[in-house]
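Undergrad: I have a structure I would like to understand better, so I am pasting it below and will then ask my questions one at a time.
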Amino acid sequence: MSEAASLASLFISSFLAATLLPGGSEVALFMMLKAYPETLWSALGIASLGNTLGGMVTFAMGWLLPQTQPIRHVGKVRQYGAPVLLFAWVPLVGDALCLGAGWLKFNPWQAALFIAIGKFARYWVIALASS
């Protein structure tokens with residue numbers, strides 16, 4: 001697979017992995033960096049962008065949920081505020097955090113910032129492991 005096709009696949013993988021669909025973007029990034037180590041920064045940026053956008057899709061889904069029924073444990077998300085989204089990268093828990101933050105109508109810009117920081121940090125650790 002070419003470098004450009006690999007980067008496109010990495011974006012798709014990282015986007016889908018951050019939505020409620022299962023995915024293995026960590027493996028995709030690791031393999032990308034093994035095949036094309038010179039793409040470190042572009043691969044990190046693309047994976048982080050895709051994963052952040054996927055997290056924001058889940059955030060938007062929460063935003064659109066009716067607030068007629070309480071969601072379990074949402075009070076804990078409210079207690080910590082947008083910084084809790086630094087943990088949006090954690091499997092299963094991260095999806096719930098993004099969904100809850102959207103349902104609570106957190107500031108979308110703050111949410112995107114904290115989601116992006118957490119996801120970039122996780123990918124950075126994977127990139128270090130690949131070298």
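The values are calculated or read from the model by the stated rules, or taken from the named source; none is laboratory data. What you are looking at is a predicted structure, and each value in this text was computed from that prediction instead of being measured. Backbone-built Cβ (ideal geometry, glycine too); neighbour counts: all protein chains shown.
Undergrad: Please list, ordered by first then second residue, the pairs with beta carbon atoms under 7 Å, 6 or more apart or interchain, first in segment 90-116 and closer than 14 Å to N51 by Cβ and without any contact (Cβ under 8 Å) to a residue 24 or more places away in the chain, second among the aromatic types (F, W, Y) and surrounded by 15 or more Cβ atoms within 10 Å (Cβ to Cβ).
TA: Close Cβ pairs (under 7 Å, with a partner that is among the aromatic types (F, W, Y) and surrounded by 15 or more Cβ atoms within 10 Å (Cβ to Cβ)) amount to L97/F87.
Undergrad: Quickly run through segment 10-40 and pick out the residues that are within 13 Å of the chain's Cα centre (by Cα) and without any contact (Cβ under 8 Å) to a residue 24 or more places away in the chain.
TA: Scanning segment 10-40 gives L21, P22, G23, G24.
Undergrad: Are any residues in segment 13-41 surrounded by fewer than 16 Cβ atoms within 10 Å (Cβ to Cβ) and within 25 Å of D95 (Cα to Cα), and if so, which ones?
TA: L20, L21, P22, G24, V27 - these are the residues of segment 13-41 that are surrounded by fewer than 16 Cβ atoms within 10 Å (Cβ to Cβ) and within 25 Å of D95 (Cα to Cα).
Undergrad: Take V57 and tell me if it is in contact with a Ser or Thr (Cβ under 6 Å, 6 or more places away or on another chain) and either of a type in the set (D, E) or surrounded by fewer than 22 Cβ atoms within 10 Å (Cβ to Cβ) (or both).
TA: Against the criterion (in contact with a Ser or Thr (Cβ under 6 Å, 6 or more places away or on another chain) and either of a type in the set (D, E) or surrounded by fewer than 22 Cβ atoms within 10 Å (Cβ to Cβ) (or both)), V57 qualifies.
Undergrad: Just one of (1) over 24 Å from I126 (Cβ atoms); (2) in a loop (DSSP other than H, G, I, E, B); (3) among the aliphatic types (A, V, I, L, M) trips up V90, so point out which.
TA: (1)
Undergrad: Only one of A111, A101, A116, A127 is surrounded by fewer than 22 Cβ atoms within 10 Å (Cβ to Cβ), within 18 Å of M56 (Cβ to Cβ) and small (G, A, S); which?
TA: On the way: A111 fails: surrounded by fewer than 22 Cβ atoms within 10 Å (Cβ to Cβ); A101 fails: surrounded by fewer than 22 Cβ atoms within 10 Å (Cβ to Cβ); A127 fails: within 18 Å of M56 (Cβ to Cβ).
Among A111, A101, A116, A127, only A116 is surrounded by fewer than 22 Cβ atoms within 10 Å (Cβ to Cβ), within 18 Å of M56 (Cβ to Cβ) and small (G, A, S).
Undergrad: Which is at pLDDT below 90 and out of contact with any His (no Cβ under 8 Å at 6 or more places or on another chain), of L20, L33? Spell out how you get there, then give the answer.
TA: Details: L33 fails: at pLDDT below 90.
Going through L20, L33 in turn, the sole match is L20.
Undergrad: With the checklist (1) over 17 Å from the mean Cα position of the chain (by Cα); (2) on the phi < 0 side of the Ramachandran plot in hand, flag the one item T58 doesn't pass.
TA: (1)
Results for (1) among the hydroxyl-bearing types (S, T, Y); (2) farther than 24 Å from L33 by Cα; (3) within 10 Å of the chain's Cα centre (by Cα), shown as yes or no for each residue.
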| position | (1), (2), (3) |
| --- | --- |
| G75 | no, yes, no |
| A88 | no, no, yes |
| L92 | no, yes, no |
| G100 | no, yes, no |
| F106 | no, yes, no |
| W109 | no, yes, no |
| A112 | no, yes, yes |
| G118 | no, no, yes |
| V125 | no, no, no |
